[in-house]
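Working notes, structure below.
The values are calculated or read from the model by the stated rules, or taken from the named source; none is laboratory data. Not measured: the values here are computed from a predicted model. Positions of Cβ are generated from backbone atoms using ideal geometry, with glycine treated the same way; all protein chains shown enter the neighbour counts.
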Amino acid sequence: MSMTRGELLARCIPILDAAKEGKPVEDSFVELKSELPQEEKAARGLAGLANAASGEPVIWLVGIDEKSHKVVGAPKVEFSSWYPRIQRLFDGPAPKLSMNENIPTGDQVVVAMVFETDDAPYVVTMGHDYRDIPWREGNRTRSAYRQELLRTLVGPSLLPAVEVTSAAFRTERDSSGQLSRIIFEALMYVKPRNDRTLVFPRHDCKAHVEIPGSLPQTPFAPIWLSPAENRLKNSVVPDDVTVDKPKMIWLMAFIGPVFGFNGQKANVEISLLPVNASQPVVIRHELTLQVEPEIAERPRQPGNAIDPWKIRKL
């Protein structure tokens with residue numbers, strides 16, 4: 001699952017700030033390094049992180065010491081020649097280095113390297129006729145257990161590729177004109193990786209929003225899923241979504257009036273867990289909080305039709 005430069009910066013800058021303030025890094029897919037490790041250690045550490053991620057991109061931030069919480073700056077190394085030496089230590093494919101970004105921090109520069117992990121499990125050669133399948137657990141790298149290896153083989157094969165094609169926030173106001181809640185809508189294109197039919201239960205869909213420096217991760221509730229064609233209907237009943245071929249799905253999520261629309265960047269993370277999958281599909285999207293030019297009332301639904309804009313709980 002690819003990551004844009006904006007998504008990378010939005011994810012890494014708060015981590016760097018937290019590390020400098022002595023706070024722990026809570027992102028299990030990001031690893032801080034004061035310098036590049038030796039080649040064998042680097043291969044095993046990267047393989048362990050990538051195997052545990054099982055399809056999620058992983059990030060190395062080089063140039064910050066997690067123990068002392070100091071930015072030491074990335075070493076002057078030609079990463080384009082360094083990584084091929086690491087790749088040669090893998091038996092089969094290595095995690096793909098998809099992005100290499102310099103992030104200025106004070107008078108130092110930290111290098112962020114993004115690795116794709118779609119080809120897990122990753123096997124490293126550790127000497128003559130010796131192979132290992134590393135697994136990252138907490139702050140250590142060990143060999144994978146059988147159930148973990150099965151997870152890398154079975155789990156990702158069930159997960160589709162999901163792309164946000166459009167997304168926006170809008171406001172909802174009460175009869176007196178007061179802001180009552182904020183609504184997030186997204187259209188997502190889902191592409192299955194095999195012929196299996198996927199079912200996304202709406203109760204297993206989660207999402208939260210974060211505004212760096214202003215709003216910590218705050219969950220949406222409730223969250224509605226529906227095939228995209230339903231968004232134009234007068235009556236919408238949220239339900240599980242079935243995907244047996246590439247198709248567009250629609251997500252609508254609600255949150256209280258917890259932030260304003262003053263041009264800040266908001267990071268939204270959506271988690272979809274298909275039935276029988278061991279892990280969710282995680283989609284991250286960044287958008288600007290823009291003031292709505294006009295506040296239009298949604299037309300009321302006739303009779304007993306369900307109005308999704310007014311129902312708070314099912």
Exercise for review: Determine, yes or no, whether L179 is among the aliphatic types (A, V, I, L, M), out of contact with any Phe, Trp or Tyr (no Cβ under 9 Å at 6 or more places or on another chain) and surrounded by 15 or more Cβ atoms within 10 Å (Cβ to Cβ).
Suggested key: no
Exercise for review: Evaluate the range 206-214: report whether one residue or more is buried (at least 19 other Cβ atoms within 10 Å of the Cβ) and modelled with pLDDT under 85.
Suggested key: no
Review point. Are any residues in the range 118-144 aromatic (F, W, Y) and free of Cβ contacts under 8 Å to residues at least 40 places away in the same chain, and if so, which ones?
Key: Y130
Practice item. Can you give me the ranges of the strands (runs of 3 or more DSSP E) entirely in the range 124-233 with at least 2 residues that are not assigned by TED's automatic domain parsing to the domain that holds W60? Key: 161-173, 179-191, 198-200, 206-211, 215-219, 223-227
Review point. For the range 29-40, does any single residue satisfy the condition of being more than 21 Å from V124 (Cβ to Cβ), among the basic types (K, R) and either at pLDDT below 85 or part of a strand (DSSP E or B) (or both)?
Key: no
Check your understanding: Say we look at the range 71-101 and pick out the residues that are over 19 Å from Y130 (Cβ atoms) and in a strand (DSSP E or B); which of these is modelled with the lowest pLDDT?
Key -> V71
Exercise for review: Keeping to the range 268-283, report how many residues are modelled with pLDDT under 90 and either assigned to a strand (DSSP E or B) or not aliphatic (A, V, I, L, M) (or both).
Suggested key: 7
Review point. For P246, all conditions in the list (1) farther than 26 Å from R151 by Cβ; (2) at pLDDT 90 or above hold save one; what is the number of the exception?
Key: (1)
Check your understanding: Does K191 satisfy the criteria of being charged (D, E, K, R), buried (at least 16 other Cβ atoms within 10 Å of the Cβ) and either modelled with pLDDT of 90 or more or within 25 Å of L159 (Cα to Cα) (or both)?
Key -> no
**Study point:** the range 59-103 - residue that is of a type in the set (F, W, Y) and farther than 25 Å from A10 by Cβ and, of those, surrounded by the most Cβ atoms within 10 Å (Cβ to Cβ)
**Key:** F90
